[in-house]
Amino acid sequence: MSIDSNLLRFIVSQKKVKKVHIPADILVTNKGDYCDDVIIVLKGQVKVFQPAKNGKTITLYYIEENDSCILTASCVFNQSSFPAFAKTTSEVTALLVPSNVAIKWMKTEPLWQNFILDLLSQRMMNLLELVSSITFESLESRLADWLVVTMNHQSSDTITITHQKIASELASSREVISRLLKKFESAGALSIHRGEIKVINADKLLSISHVMCD
């Protein structure tokens with residue numbers, strides 16, 4: 001979701017709100033940290049993820065441009081610790097709304113109230129879809145879906161990423177992901193290059209995804 005332009009102008013105008021610049025690949029929040037601010041990402045992307053005991057990780061969601069983090073907001077409003085990890089995937093420019101200000105706005109600013117409630121609703125839907133995907137879909141189907149969604153999000157048929165990073169996204173192992181990508185390549189759906197995956201036939205990938213879900 002994207003923040004309302006009127007709300008964004010209001011937030012930017014507030015003296016207590018800080019603008020920050022964060023380099024790529026920085027862990028901005030650890031599990032167990034207490035949150036002093038609610039973040040609004042203006043540029044860049046932040047990944048919120050959860051590690052498992054076996055060393056694998058699962059991506060919960062991404063904070064995109066003009067978006068915020070519902071887990072951070074929840075921690076601020078409930079004065080609880082952050083239950084996951086958050087890391088920048090690119091250079092990020094963001095606004096930091098102090099916790100006391102964010103709490104006050106929930107009582108005084110309807111636009112802020114609506115934004116937080118809409119954010120909660122959207123993230124709940126995302127997490128339900130994630131749980132459903134992990135529980136009911138095969139890894140082959142999830143990988144096909146992930147490739148198509150990522151390609152569309154980047155507006156490019158070439159995805160620059162390692163097999164290990166894909167494995168981390170999907171809570172799998174590099175070996176399994178490499179084997180499935182080879183299978184997709186043999187089917188003529190994509191081509192694999194060092195550090196890159198080029199989607200040749202998105203429809204074929206989608207058909208793989210749909211077949212595996214049936």
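Candidates in the stretch 167-182 are the residues that are under 22 Å from the mean Cα position of the chain (by Cα) and of a type outside the set (A, V, I, L, M); of these, the one that is most open to solvent (accessible area, probe 1.4 Å) is 174. Residues that are within 28 Å of residue 163 (Cα to Cα) and acidic (Asp, Glu) within the stretch 68-111 comprise just one, 91. Counting the residues of the stretch 1-22 that are of a type outside the set (Asp, Glu) and in contact with a Leu (Cβ under 8 Å, 6 or more places away or on another chain) gives 10. Of all the residues in the stretch 56-82, those that are out of contact with any Asp or Glu (no Cβ under 9 Å at 6 or more places or on another chain) and either open to solvent by less than 30 Å² (accessible area, probe 1.4 Å) or basic (Lys, Arg) (or both) number 8.
Restricting the first member to the stretch 91-120 and to residues that are without any contact (Cβ under 8 Å) to a residue 60 or more places away in the chain, and the second to residues that are buried (at least 17 other Cβ atoms within 10 Å of the Cβ), the beta-carbon pairs closer than 7 Å and six or more apart or on different chains are 103/76; 105/112; 106/112; 106/116; 116/73; 120/70. Filtering the stretch 168-186 to residues that are aliphatic (A, V, I, L, M) and modelled with pLDDT of 90 or more leaves 176, 177, 180, 181.
Do we have residue 95 as touching a helix residue (DSSP H, G or I) at 6+ places or on another chain (Cβ under 7 Å), surrounded by 14 or more Cβ atoms within 10 Å (Cβ to Cβ), of a type outside the set (Val, Ile, Thr) and assigned to a strand (DSSP E or B) here? Don't jump to the end; show me each part of the working.
Numbers: touching a helix residue (DSSP H, G or I) at 6+ places or on another chain (Cβ under 7 Å): yes; surrounded by 14 or more Cβ atoms within 10 Å (Cβ to Cβ): yes; of a type outside the set (Val, Ile, Thr): yes; assigned to a strand (DSSP E or B): yes.
Yes.
Exactly one residue among 134, 197, 208 is closer than 27 Å to residue 52 by Cα and open to solvent by less than 40 Å² (accessible area, probe 1.4 Å), and that residue is 197.
Residue count for the stretch 1-29 satisfying the condition of being open to solvent by less than 30 Å² (accessible area, probe 1.4 Å) and outside any strand (DSSP E or B): 4. Residues in the stretch 98-110 that are assigned to a helix (DSSP H, G or I) and within 23 Å of residue 21 (Cα to Cα): 99, 100, 101, 102. Of all residues in the stretch 30-43, exactly one satisfies the criterion of being modelled with pLDDT under 95 and crowded, with 18+ Cβ neighbours inside 10 Å, namely 35. Return a yes/no flag: does the stretch 48-55 have any residue that is farther than 23 Å from residue 2 by Cβ, basic (Lys, Arg) and exposed (fewer than 13 other Cβ atoms within 10 Å of the Cβ). The answer is yes, given that some residue of the stretch 48-55 is farther than 23 Å from residue 2 by Cβ, basic (Lys, Arg) and exposed (fewer than 13 other Cβ atoms within 10 Å of the Cβ). When restricted to residues that are in contact with a Cys (Cβ under 7 Å, 6 or more places away or on another chain) and crowded, with 18+ Cβ neighbours inside 10 Å, the stretch 137-155 contains 1.
The values are calculated or read from the model by the stated rules, or taken from the named source; none is laboratory data. All values derive from a computational prediction rather than experimental measurement. Backbone-built Cβ (ideal geometry, glycine too); neighbour counts: all protein chains shown. These area figures cover heavy atoms from the full protein model, side chains too; ligands, DNA and RNA do not enter into them. Shrake-Rupley method; radii C 1.70, N 1.55, O 1.52, S 1.80 Å.
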